[in-house]
Amino acid sequence: MKGEHPIKLLCRVLQVSRSGYYRWKKSPCSARKLRDAELAAKIAAAHRKGRGNYGAPRIVRELRDQGTPISQRRCARLMHEMKLQGRKRHRRKPRTTDSQHGKPVPANQLAERPAPTGPNQTWVTDITFLKTAEGWLYLAVILDLWSRRVVGWACALTLHASLALAALYRALDQRKPPVGLLHHSDRGGQYVDTDYVNALTAAGVDRSMSAAGNCYDNAFAESFFSTFKTESGIEEQIPATRREAELVTFDYIETFYNPTRRHSSLGYLSPVAFEKQSTSKYIKAA
């Protein structure tokens with residue numbers, strides 16, 4: 001505007017003095033604006049670190065852990081100004097369970113047992129499907145309910161029991177759980193397969209299954225799949241091949257979700273950080 005009209009005219013129209021205008025022009029930015037600019041850069045970096053998934057609560061915790069104090073309200077305001085936001089999850093109902101197998105199933109012990117207080121006390125597992133340009137790819141995961149850590153996962157072209165078994169062997173090999181671990185799943189045929197049941201029995205693992213017709217009884221595993229599909233972007237940008245989908249899965253679980261992603265239920269720590277912190281506290285207490 002000042003390029004089109006003289007400063008003298010603009011000051012008269014806006015009812016400000018020319019001396020006041022020039023004083024304002026030469027004055028440095030306020031301390032608050034400078035601080036906002038500094039925080040905005042850190043917020044943008046934290047948002048990138050979270051792969052565009054974090055909203056204000058997780059970014060606030062990220063910055064505070066870095067030694068930068070900030071309120072959630074200020075963070076939300078600056079994110080809004082920069083047009084940054086976390087990804088929102090959508091409820092899904094995967095149809096990967098075939099419970100019409102006629103085999104005996106164990107009772108649901110998950111609701112009866114107290115919440116786990118340490119690792120390898122309760123595992124939950126489930127299977128979902130991933131769409132690729134080549135066709136479907138199926139993913140089985142096993143989560144430690146205490147830390148929400150993915151302790152075993154596997155991908156396959158089919159829903160055969162070998163898929164679930166591959167994830168189980170991986171979890172057993174990595175965690176070496178004690179006798180008495182509770183393994184909870186839905187009533188899918190993969191989890192009553194003879195080889196699968198024998199593997200659990202050999203490891204001294206107790207079995208638990210969801211109530212009939214209640215797909216939400218295994219909500220923790222369902223929640224992980226919802227988070228994974230939203231935050232990895234695997235449904236927004238369909239992988240060209242099954243191999244590419246498997247690499248996306250590996251990248252999300254092994255380099256982001258387990259070691260880095262902050263969980264509100266874990267005090268905004270990642271699963272790996274939560275386990276390390278809790279183990280450290282236990283050792284010191286002992």
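Yes or no, residue by residue, for (1) hydrophobic (A, V, I, L, M, F, W, C); (2) surrounded by fewer than 19 Cβ atoms within 10 Å (Cβ to Cβ):
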{"site": "Arg175", "(1), (2)": "no, yes"}
{"site": "Arg187", "(1), (2)": "no, no"}
{"site": "Val192", "(1), (2)": "yes, no"}
{"site": "Arg207", "(1), (2)": "no, yes"}
{"site": "Phe224", "(1), (2)": "yes, no"}
For this session: From the list Ala211, Ala166, Ala199, pick out the single residue that is surrounded by fewer than 22 Cβ atoms within 10 Å (Cβ to Cβ) and part of a loop (DSSP other than H, G, I, E, B).
Result: Ala211
For this session: Just name the residue that is nearest to Val141 (Cα to Cα) out of those in region 249-266 that are touching a residue at least 60 places away in the same chain (Cβ under 8 Å) and surrounded by fewer than 20 Cβ atoms within 10 Å (Cβ to Cβ).
Result: Asn258
Seminar exercise, completed: Across region 112-130, the tally of residues that are touching a helix residue (DSSP H, G or I) at 6+ places or on another chain (Cβ under 8 Å) and either of a type in the set (Lys, Arg) or closer than 18 Å to Thr227 by Cβ (or both) stands at 7
Problem set entry | Verdict on Val124 being free of Cβ contacts under 8 Å to residues at least 40 places away in the same chain, in a strand (DSSP E or B) and not basic (Lys, Arg) | no
Exercise. Among all residue pairs at least 6 apart or on different chains, which show Cβ distances below 7 Å where the first residue, located in region 218-247, is farther than 30 Å from Arg207 by Cβ and the second is part of a helix (DSSP H, G or I) and among the small types (Gly, Ala, Ser)?
Worked result: Ile234/Ala245; Pro239/Ala245
Problem set entry | Selection within region 231-270 - part of a loop (DSSP other than H, G, I, E, B), within 11 Å of the chain's Cα centre (by Cα) and either over 20 Å from Pro57 (Cα atoms) or basic (Lys, Arg) (or both) | Arg261, Arg262
Exercise. So which of Arg170, Arg113 ends up being over 16 Å from His184 (Cβ atoms), out of contact with any Pro (no Cβ under 7 Å at 6 or more places or on another chain), of a type in the set (Lys, Arg) and touching a residue at least 12 places away in the same chain (Cβ under 8 Å)?
Worked result: Arg170
For this session: State whether the residues of region 211-221 include one that is under 16 Å from Val150 (Cβ atoms) and under 13 Å from the mean Cα position of the chain (by Cα).
Result: yes
Exercise. Hey, any hits in region 28-48 for a residue that's in a loop (DSSP other than H, G, I, E, B), of a type outside the set (S, T, N, Q) and at pLDDT below 80?
Worked result: yes
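The values are calculated or read from the model by the stated rules, or taken from the named source; none is laboratory data. Since the structure is predicted, the reported quantities are computational estimates derived from the model, not experimental observations. Every residue, glycine among them, receives a Cβ derived from its backbone with ideal geometry; neighbour counts consider all protein chains shown.
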